[in-house]
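Each remark here refers to the structure printed beneath this line.
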Amino acid sequence: MGLLDRPDGPNGRVTSWAFRCGADPAFRQIRTCRKIAAEIARDWGHSAEVADAAESIVAELMANTMQHVPRAHPLGSVTLSEAGSGALVVSVHDCSRARPFRRVDEDAERGRGIALVAELCRSLGGRLCVLPDWDGGGKSVQAFLGRADR
């Protein structure tokens, strides 16, 4: 996992790092990555509520990627940036074309992660979106924490 600082976002703040997809021991990376995300959000001056949301979102989206992305695509990435409005944007990219979905069965043990992420975004005035790669080879799930327009 390598941390790359690139001052080229709308507000001059973008940080990205890669992670390995797949089962254990990859799941152990989630703890480190979610803590990094929360720390960066706080360092950039975002509220504790936004930092906590970023931490939870990174954990949920990385877990989805590690569980559902085929082993043929072993790398994913996390990017934190700021929208022009000042919203924190948490983006998790993988090389699978499959879009995340919420299971309909309310009694299921799993399948609620993407709905929880969407609700966290809405509670902070933001939104969740899924963007396919330009070549159709993968996707980014982006969580806007705060208003994305302005």
Residues (of a type in the set (Val, Ile, Thr) and out of contact with any Cys (no Cβ under 9 Å at 6 or more places or on another chain)) located in the range 26-62: 30, 32, 36, 40, 50
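With the requirement that a residue be at pLDDT below 70 and either in a strand (DSSP E or B) or on the phi > 0 side of the Ramachandran plot (or both), what does the range 8-35 give you?
Taking the range 8-35 as the starting set, the residues that turn out to be at pLDDT below 70 are 8-12, 22-27.
Across the range 8-35, the qualifying residues are 12, 22.
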Cβ-Cβ under 6 Å pairs, at least 6 apart or on other chains, the range 36-56 side modelled with pLDDT of 95 or more, far side assigned to a helix (DSSP H, G or I) and among the basic types (Lys, Arg): 51/42; 55/34
Residue count for the range 57-74, restricted to those that are among the charged types (D, E, K, R) and either over 10 Å from the mean Cα position of the chain (by Cα) or at pLDDT below 85 (or both): 1
Criterion (modelled with pLDDT of 90 or more, closer than 25 Å to residue 20 by Cβ and open to solvent by less than 80 Å² (accessible area, probe 1.4 Å)) met by exactly one of 77, 123, 140: 140
Some residue of the range 94-108 being within 21 Å of residue 17 (Cβ to Cβ) and either at pLDDT 90 or above or surrounded by fewer than 14 Cβ atoms within 10 Å (Cβ to Cβ) (or both): no
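The values are calculated or read from the model by the stated rules, or taken from the named source; none is laboratory data. Note that the structure is predicted; figures quoted are calculated from it, not measured. Here Cβ is always computed from backbone atoms with ideal geometry, including for glycine, and neighbour counts include all displayed protein chains. Side chains are part of the model used for accessible areas, which takes the heavy atoms of the whole protein and leaves out ligands, DNA and RNA. Shrake-Rupley method; radii C 1.70, N 1.55, O 1.52, S 1.80 Å.
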